[in-house]
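Here is the structure we will look at, set down as structure tokens.
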Amino acid sequence: MPTALIVLAAGQGSRMQSDLPKVLHEVAHAPLLVHALTSGAEVTPERTVIVAGHGGDAVEAAARAHDPDAVVVRQTQQLGTGHAVLQARAALAGFKGDAIVLYGDTPFIQPETLNAMLQARRDGADVVVLGFEAALPGRYGRLIAEGDRLDRIVEAKDATEAELAVTLCNSGVLAADADTLFDLLDQVGNDNAAGEYYLTDVPGLARAARMSARVVTCAEAETLGVNTRADLAAAEASFQARARAEAMDLGVTMTAPETVFLAHDTVIGRDVVIEPHVVFGPGVTVESGATLRAFSHLEGCHVSDGCIIGPYARLRPGAELDRGVRVGNFVEVKNAQVAEGAKLNHLSYVGDADVGARANIGAGTITCNYDGVFKHRTVIGEAAFIGSNTSLVAPVTVGAGAMTGSGSVVTMDVPDGDLALSRAKQVNKAGLAARLMAKLRAAKARETH
Ligand code: UD1
Ligand code: MG
């Protein structure tokens, strides 16, 4: 049975106190909306419709960037969740199958949960609602059910005392045959405490039409919705806890997992060791057996097997490190291919560069890649030895097995095997230091007497 996803993302999220639409706030470097779409992708939807409203252009751009096939429709006035789902009707014209409604601000619904809901549909339920036992039911809609047989949903605002005592709550996720869902939504009115068209009226209307409604439940953590900055921080904490545990299950050692921050797309191989306070931005792959030492920051990079990174290293987008590369303290690498066994151990900036296998980059080496307008490349050959505190003024090539003298400013290519020296020649003035010191001390003595 084909499925379609309808993701509600039109709300303003006023409690975020933000100029950014709520669903574009990020957890683990991906917008909440992308987390919701990723959950939904597990049911391989034939069509995905996102209902945007507040900040619609930005929401549309983010949705398209993630999934070019997603259709974004607009809900110009936020008249309620039921009204929002109806905005997807035209985009689903001709679609036959199940529709699953998700919220763009609810990032952690698990694939097993969505599959359990689809299973309940296959088992004959006309409408399936995802519920959870709420620790603090507060403003959630209450599921009035007997066992898993759902009678109706009551919004907290409209509930009686007895209904408010129910702790089985509505997550907002709902599945039904798409045509049935839209037909039932046509019957939803707004005669309620909020004056809104509630999606939550659907199960009651289904029952009144002699259809069946069922509850599938999940852990409350999955249904965590983001409404405030505090919720966003809680969502981040929850994501991180799960991602660290998953990494450790897959054979990653973390000395202090609570200090390591992963991104939504971080890939880490077996037997990688991660020391405390390592932070991952998006787009990082670390292969088996690499060591990431304390306080390193990685983003958009690839670290191969056997590399040792840090402590205090920074790998920026486009850093591609081959096997056994070493990047030491206070070294920044950006948009650079570093071949097997090269060493960049101390206090360097290597950007827009190719570093050959087994090259040694001395302490304080800088690739001067930017002339104020253009970026230029530095090429360092195999087994080259770059002396400490060399400035490599790009575009420039240092050949294989070549050396640069410490403190050199290299502006011309260095042929293979040559030594480049570009610094003032040293002169020693015999006895001058001792005479100069004596003179200065005498001057000081006259001043204090
Ligand atoms: C909704 C449910 C409630 C449930 C709770 C779970 C209804 C009527 N109530 O309440 O039973 O317990 O979620 O969190 O459905 N949205 C639109 N357009 C609108 C209104 C909302 O796109 O016109 C979107 C929001 O951006 C949000 C989602 O729908 O992503 C839920 O809306 P929200 O206003 O947060 O509903 P709740 O009052 O929390
Ligand atoms: Mg809400």
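Okay, here's what the table says:
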read-out	value
Chymotrypsin sites (Phe, Trp or Tyr not before Pro) within segment 340-449, DSSP loop, no more than 14 other Cβ atoms inside 10 Å	F374
Extension gain (nm, one decimal) between A209 and L419, 0.36 nm per residue minus Cα-Cα	66.8 nm
Global form of the chain, assessed from the alpha-carbon gyration tensor, a/c cut-off 1.5	prolate
Förster radius 60 Å - calculated FRET efficiency between D371 and N190, Cβ distance, rounded to 0.05	0.45
Extended-chain gain in nm, criterion 0.36 nm per residue less alpha-carbon gap, D265 and D158	34.4 nm
Lysines whose Cα lies under 30 Å from that of K22, excluding same-chain neighbours fewer than 8 positions away	K157
Computed [θ] at 222 nm, helices only, for the chain once each DSSP H run of length n ≥ 4 contributes -39500 (n - 2.57)	-6500 deg cm²/dmol
Rounded accessible area per residue of the chain, 1.4 Å, Å²	47
Residue among G407, G147, T228 farthest towards the positive dipole end of the chain, charges placed on Cβ	G407
Qualifying lysines (Cα of each under 16 Å from Cα of K334; at least 8 residues distant if same chain)	K343, K375
Most positive-pole-ward Cα, A445, L419, L20, against dipole of the chain from beta carbon charges	A445
Net charge dipole size for the chain [Lys, Arg +1 and Asp, Glu -1 on Cβ; Debye, nearest 20]	2780
Between segment 368-418 and segment 19-42, the Cα center-to-center distance that results, in Å	43
Beta bridge orientation in the chain: antiparallel %, DSSP, nearest 5	20
Where trypsin sites (Lys or Arg not before Pro) fall in DSSP loop in segment 187-235, at most 14 other Cβ within 10 Å	R210
Ordering of 438-444, 398-404 by burial proxy (mean other Cβ atoms within 10 Å per residue, highest first)	398-404, 438-444
Rough spin-label spacing in nm, given labels placed 7 Å along Cα→Cβ, for S14 and V273	5.5
Mean Cα-pair separation over length for the chain, i.e. relative contact order, pairs under 8 Å, 6 or more apart, %	8
Segment 286-330-segment 113-181 distance, computed between alpha-carbon centres (Å)	47
Degrees separating the helix 56-66 axis from the principal Cα axis of the chain, which is the longest one	70
Added length on full extension, which subtracts the Cα-Cα distance from 0.36 nm per residue, S238 to M412	57.3 nm
Most mobile of M437, M412, M211 in a GNM of the chain (Cα contacts under 10 Å)	M437
Check: segment 3-223 dipole with +1 on Lys, Arg Cβ and -1 on Asp, Glu Cβ, in debye	180
Max mean-square fluctuation residue, GNM over the chain, Cα-Cα springs under 10 Å, options A256, A213, A234	A256
Ranked packing of 282-288, 341-347, 237-243, most packed first, by mean Cβ within 10 Å	341-347, 282-288, 237-243
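The values are calculated or read from the model by the stated rules, or taken from the named source; none is laboratory data. Computed from a predicted structure; not experimentally measured. With ideal geometry, Cβ positions are generated from the backbone for all residues, glycine too; neighbour counts draw on all protein chains shown. Quick note on the areas: whole protein, heavy atoms, side chains included, nothing else; ligands and nucleic acids left out. Shrake-Rupley method; radii C 1.70, N 1.55, O 1.52, S 1.80 Å.
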